[in-house]
Amino acid sequence: MISVSSATVSVFVVAGSLTVALRGAEVPLTAETYNQWKEALPGGRVTAAGEIRAPSGFEVRLVRTARDGEGSWVAMAFDPAGEVLVAREDRGLLRIDPRRGESGPAVVVEETLAEVRGLLWAHGAVYANANNAHGLYRLRDSDGDGRFEDVDLMQRTPGGVGHGRNQLALGPDGLIYSIHGDDVMPPDDGFTRGSDPVGAADDRWLPLAWDRFNWSDAVRPPAGHVVRLDAEAGRWELVCGGLRNPFGIAFNEDGEMFTYDADIEWDVGLPWYRPTRVLHLVRGADYGWRGGSRAQPAWMPDTAPPAVDIGKGSPTAIAFGTRSRFPERWRRALFIMDWAYGVIYAVDLQPRGATYEGTARVFLQGRPLNVTGLDFGPDGALYFVTGGRRTQSALYRVAWVGGEGREGEEEEGRKTRDSHEESGGHEERRALRRRLERLGVSGDARRSVQEAWPHLGHEDAWIRQAARLAVEAQPPAVWVDRALVEPPSTAALTALMAAARVGGAAVQPAVRARLLAVAAGDLGEVDALLWLRGFQVSVLRHQPLAESERTAWADRLMAAWPHRSPQVNRLLCETLCALEEPRVVPAVLDQLQAEPPPTQEDALHALLSLRVVRRGWTVETRRTYLRWLARARSTFTGAAALPTTLNHLRAEVEAGLSDTERRELTPELAAIDAAGAPAPPPVQPNPRGFQKAWETGEFPAAAAAPPDAARGRRLFAEAACSACHRAGAIDAVQAIGPDLTEVGQRFDHRSLMESMLEPWKVVAPQYRVVSVSTREGTIHEGPVIAEDETTLTVATNPVDPGSRARVPKAEVVRLVERSAMPPGLLHTFTREEILDLAAWLQAGAP
């Protein structure tokens, strides 16, 4: 995997802003910000084609704008006649002829399916992933009038709708592939026979108690996943899992499958944060998403890593340029859409062994450019639509007009392709990987094990993974004994990890005995991770350790500490802490002080792991630990979940202190509180009289005079903004709202005023609360933090995460959504004061 950083493109994420260097010139994306889409809300505007930045040689044209009653558009696909089928966000489908432009109608061809996110023409019909209708449907025009009279439910897909039923693609095998977010559950009767052996479980040593307050706490394997089906949906087979909210799915010319998966932006700065990323999707793979701190790192030996890390964003549709009439380097690119920042990236994927690695570059960007769907037309141009969250929609066309071979791009593309295929045998390795993947469902257990076994120690991790999954898919009786006698090697460690995962409880003492005999201090990073992971999974999935076994393993693990690999040290640290080995306390604290200094994520991982160790502490080691915690609260940077995590950690650590320790460590505890305490406002809020029920339209322009910093800071406190929001050096009393430090880079004047004065108009999902009324007359208010088929879980007190109510859906008689921000907070302020506060925020709180 290569991150988005190369001679082609470098991406820098700093406090919520994104800068992309394109061909040596920096293109700041702070103008195309994470909330640029708000400018396309009803009453907003459609971006003119001339305002969309595109590479030299490409022409962007606005084809058609959505009119009143045509809805907001979230997906699109071309039909065989060259017309565009467009899905409306609320319900129904439209057909648009792009050749007629603005003069052409948008004909309603289906009006019942709710929020279709995926459209595919295949097998003489249209397949539609209807998210809010909880199913995959097949649509047919039975009488030739252009409308779909036959709407058949092919497969019900239970679960929630936030991270739901997304894009569809036709595979090279003629099967349909459907990609789902982590709110979608397996079918009630399970996946059908023939599914690939994902074999995922939580498998985390030290889950955080406060993970239960996380809105993704209910996620369980396989989490987001891919299924494949035939034309009649007679098979519904699991392909891979461990995804969060992948919207798009596409196949390249080699027949390999890819997606663009979402991050959880709240977790930036925490050890388990995973940026938005392009993933090479292979059969049986687990990509590690579990929810909260349970997410598996990409470097785990039983987790498949990304091809490209992109950064913070909001992924939507993707497509390869294979059917385009673009120059070669663009034709081979994967085009991925970021709805939040208003960007379409072109990802260059090059073969690397049995997988791919790549770099990303900005292809298009605009403001607003709330991109949702794309497809390549019969004319070889790229067409895309904008929309989502009730925003104004439009259809655009992007065509190459630069002539043949411009800037040598065609030749460059061919040379790159040829050089990668000719060096290293990439094509042969991919073929081997695919052959091994098929063994998992071959039905001949002994032959499959015999064929896969020689590749368990392969130097290519993707081939090693495919071989292991092929073995795991067979009955353990066929191969476990062989794993227990395999001579020491990477293959032996891979086989023992497989036995730990699926071998059953009876064989685990023998598995752990073999692992314990390994001379771990001599292992390289790959073998050390396999060794540690095999031991972890054996304990987590099957049976706890006896005390004698715990002592022997603690000695073996301490002998391996510290390793030269930070990843191995993470696993050693958490494993020793889970065993509550006293010697790990000074060992880890000494390592935190060593050179080179740890990354923020490694330091946080160590602090979080050490919290569970009850023995081995002295007053001095406690003091060192608390000073690190104070340092974390004062200097570590991240998103909303970071301070919440540190607050929970501080409370848990203090609760574990004895009375004597608490007295001796009073200065250190006070220093932690001082480091994380909100700055006192210069002026305490004063009672105010009502001025006016202000509306956004009354503030058409920003204040002309420069903001008064002192006055802006005072108004921020008097308006109670600091109760929930951080701004610069002013910390929130309880950080339950977004950080406003750089809100001026994310919002223009109009959007900021609307969020301040009319916060209910547009509410991001993470800040949406509900008022739920039940048959008994009980009312529960707060954000919905979990949902399944029968129950809503509501967090009823934002400052007490333990307060929650589980409400049976059958008992709900009324549900109203609103913003967590109360209305009317500025109704006691004058026009000048509101403009000064807005100007101070837009200038950037220091």
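Observations, loosely collected:
- Residues (part of a helix (DSSP H, G or I) and within 21 Å of Ala639 (Cβ to Cβ)) located in segment 742-763: Val743, Gly744, Gln745, Arg746, Ser751, Leu752, Ser755
- Test result for Val537, in a helix (DSSP H, G or I) and closer than 23 Å to Gln296 by Cβ: yes
- Single residue of segment 388-425 satisfying the filter (modelled with pLDDT of 95 or more and open to solvent by less than 30 Å² (accessible area, probe 1.4 Å)) that is nearest to Val84 (Cα to Cα): Leu395
- Residue match in segment 551-566 (condition: more than 22 Å from Leu604 (Cβ to Cβ), open to solvent by 60 Å² or more (accessible area, probe 1.4 Å), out of contact with any strand residue (DSSP E or B) (no Cβ under 9 Å at 6 or more places or on another chain) and in contact (Cβ under 8 Å) with a residue 24 or more places away in the chain): yes
- Within segment 536-548, considering residues that are closer than 19 Å to Val518 by Cα and at pLDDT below 95, the one most open to solvent (accessible area, probe 1.4 Å): Ser548
- Applying the criterion of being open to solvent by 10 Å² or more (accessible area, probe 1.4 Å) and not in a helix (DSSP H, G or I) to the residues of segment 440-456, the residue that is nearest to Pro197 (Cα to Cα) is Gly440.
- Residue identified as in contact with a Lys or Arg (Cβ under 9 Å, 6 or more places away or on another chain), touching a residue at least 24 places away in the same chain (Cβ under 8 Å) and crowded, with 21+ Cβ neighbours inside 10 Å among Val371, Val347: Val347
- So Leu715, is it more than 18 Å from Glu832 (Cα to Cα) and at pLDDT 80 or above: no
- Filtered residue count, segment 110-159, keeping only those that are open to solvent by 10 Å² or more (accessible area, probe 1.4 Å) and either aromatic (Phe, Trp, Tyr) or in a loop (DSSP other than H, G, I, E, B) (or both): 17
- Scanning segment 95-109 for residues being acidic (Asp, Glu) and either surrounded by 22 or more Cβ atoms within 10 Å (Cβ to Cβ) or touching an Asp or Glu at 6+ places or on another chain (Cβ under 7 Å) (or both) gives a total of 1.
- Evaluation of Gly443 against (1) at pLDDT 95 or above; (2) under 30 Å from Ala495 (Cα atoms) (one fails), failing number: (1)
- In segment 791-799 there is no residue matching the filter, namely being modelled with pLDDT of 70 or more and touching a helix residue (DSSP H, G or I) at 6+ places or on another chain (Cβ under 6 Å).
- So Gln167, is it outside any loop (DSSP other than H, G, I, E, B) and open to solvent by 30 Å² or more (accessible area, probe 1.4 Å): no
- Those strands (runs of 3 or more DSSP E) lying entirely in segment 55-94 with at least 3 residues modelled with pLDDT of 95 or more and surrounded by 23 or more Cβ atoms within 10 Å (Cβ to Cβ): 73-78, 84-88
- Options Arg283, Arg274: the member that is open to solvent by 10 Å² or more (accessible area, probe 1.4 Å), in a loop (DSSP other than H, G, I, E, B) and at pLDDT below 95: Arg274
- Restricted to segment 807-826, and to residues there that are at pLDDT below 85 and farther than 20 Å from Thr793 by Cβ, the residue that is least open to solvent (accessible area, probe 1.4 Å) is Gly824.
- Qualifying residue in segment 528-535 (condition: open to solvent by 20 Å² or more (accessible area, probe 1.4 Å) and at pLDDT 95 or above): no
- Residue count for segment 258-271 satisfying the condition of being open to solvent by 10 Å² or more (accessible area, probe 1.4 Å) and either at pLDDT 95 or above or among the aromatic types (Phe, Trp, Tyr) (or both): 3.
- Failed item in (1) under 23 Å from Val184 (Cα atoms); (2) open to solvent by less than 10 Å² (accessible area, probe 1.4 Å), with Trp339 passing the rest: (2)
The values are calculated or read from the model by the stated rules, or taken from the named source; none is laboratory data. The structure presented is a predicted model; accordingly, all values stated were derived computationally and were not measured. All Cβ positions, glycine included, derive from the backbone under ideal geometry; neighbour counts span all protein chains shown. Surface accessibility is based on the protein's heavy atoms, side chains included, excluding ligands, DNA and RNA. Shrake-Rupley method; radii C 1.70, N 1.55, O 1.52, S 1.80 Å.
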